[in-house]
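What follows is a set of notes on a single structure, which appears directly below.
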Amino acid sequence: MTVFRAYRGYDGLGLGDVKFTAAAATWTGMEGLAFALALASLSALLYFLARQIFDSRFDSRHPIPFGPFLGLGATLVAGFQILTGLSMIDVVDAWLPRLTFS
């Protein structure tokens, strides 16, 4: 947050985002939080790029709320865990041997 504040002149994340992330950790578990944050960041980046490409009036300096993207990431991870009965650690344990070259 310090680097972003030095670059832009204002805080990039509000304390509401921090509280929402803490709440998301209770829904997804600590092992699912990294995946939820990765999905939230990826979806926010895709939204930003799509707005920049398709909306000529979009100003890239305009702040975009991160809360909806946090909600999307947490919902997807928690929903996956509920529907499959697997934690994200189980998924990583199942796929990690397939991704190694040994």
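The values are calculated or read from the model by the stated rules, or taken from the named source; none is laboratory data. Keep in mind the model is a prediction, meaning the values are calculated, not measured. Positions of Cβ are backbone-derived with ideal geometry, glycine not excepted, and every protein chain shown enters the neighbour counts. For the accessible areas, the whole protein counts, side chains as well, though only heavy atoms, and no ligand, DNA or RNA atoms are used. Shrake-Rupley method; radii C 1.70, N 1.55, O 1.52, S 1.80 Å.
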Considering only the range 43-50, I want to know if a residue exists there that is under 30 Å from D93 (Cα atoms), open to solvent by less than 70 Å² (accessible area, probe 1.4 Å) and touching a residue at least 12 places away in the same chain (Cβ under 8 Å). yes
Pairs with Cβ under 7 Å, 6+ apart, first in the range 1-23 and more than 14 Å from H62 (Cα to Cα), second open to solvent by less than 80 Å² (accessible area, probe 1.4 Å) and assigned to a helix (DSSP H, G or I): G16/G67; D17/G67; D17/L70; F20/G67; F20/L70; T21/L70
Members of the range 16-37 found to be under 13 Å from T75 (Cβ atoms) and of a type in the set (V, I, T), listed by number: T28
